[in-house]
Amino acid sequence: MEKPTFPLPPGKYVVTGGREVTAILTIYPKDKEGSQRWELENGAKLYDETHLPCHAVRYTPETNDHSCSPEMAPKSVFPIAPGIPMPSIKGCSKKEYAVLFVIGVSVEN
């Protein structure tokens, strides 16, 4: 999987999880508090648009004297089936992300 570009600028994007549903994802500009709202059109749910075989996680150290990397997870847990959480790593916090494929930019941008 290629490395994504962050942050994705506000706009409308055609997204899919590579299954049955394709939808328009609207990313709104940040509000005055810095929060940014995302919305899928036509009743699509994040699960519908998530590419289930792909897992994305970011590990961060819980203290400054520790380092974190997916390489520190036991190799025996891979591959990880869809719906199963990514492994924890001692001394690290984790944040898991859904993976969506952006297959186009809406002409309504």
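Values in this text are rule-based calculations from the coordinates and carry no lab data. These numbers come from a predicted model, not from an experiment. All Cβ positions, even for glycine, are placed from backbone atoms using ideal geometry, and neighbour counts span all protein chains on display.
Annotations for the structure displayed:
- Put a plus charge on the Cβ of each Lys and Arg, a minus charge on the Cβ of each Asp and Glu, and nothing anywhere else: the dipole of the range 11-105 about its Cα centre is then about 100 debye.
- GNM result for the chain, Cα springs below 10 Å: residue of Ser69, Ser88, Ser35 fluctuating most strongly: Ser35
- Ordered by the count of other Cβ atoms within 10 Å of each Cβ, fewest first, Leu52, Leu100, Leu40 give Leu52, Leu40, Leu100.
- Choice from Thr60, Thr16, Thr50 with maximal GNM fluctuation in the chain (Cα, 10 Å cutoff): Thr60
- Counting lysine pairs in the chain whose alpha carbons fall under 22 angstrom apart, excluding pairs fewer than 8 residues apart on the same chain, gives 13.
- Label-to-label distance, nm, for residues given as Lys95 and His66 (7 Å Cα→Cβ offset): 1.7 nm
- Residue-wise HN-Hα coupling along the range 8-17, computed from phi with Karplus coefficients 6.51, -1.76, 1.60 (Hz; x: Gly, Pro): 6, x, x, x, 10, 10, 8, 10, 8, x
- Overall form of the chain per C-alpha gyration tensor (a/c, 1.5; a/b vs b/c): oblate
- For the chain, the Cys residues with no second cysteine's beta carbon closer than 4.7 Å are Cys54.
- Listed values for the range 48-54 are Karplus-derived 3J(HN,Hα) couplings in whole Hz (6.51 cos²θ - 1.76 cosθ + 1.60, θ = phi - 60°), namely 4, 9, 7, 7, 4, x, 8, and x replaces Gly and Pro.
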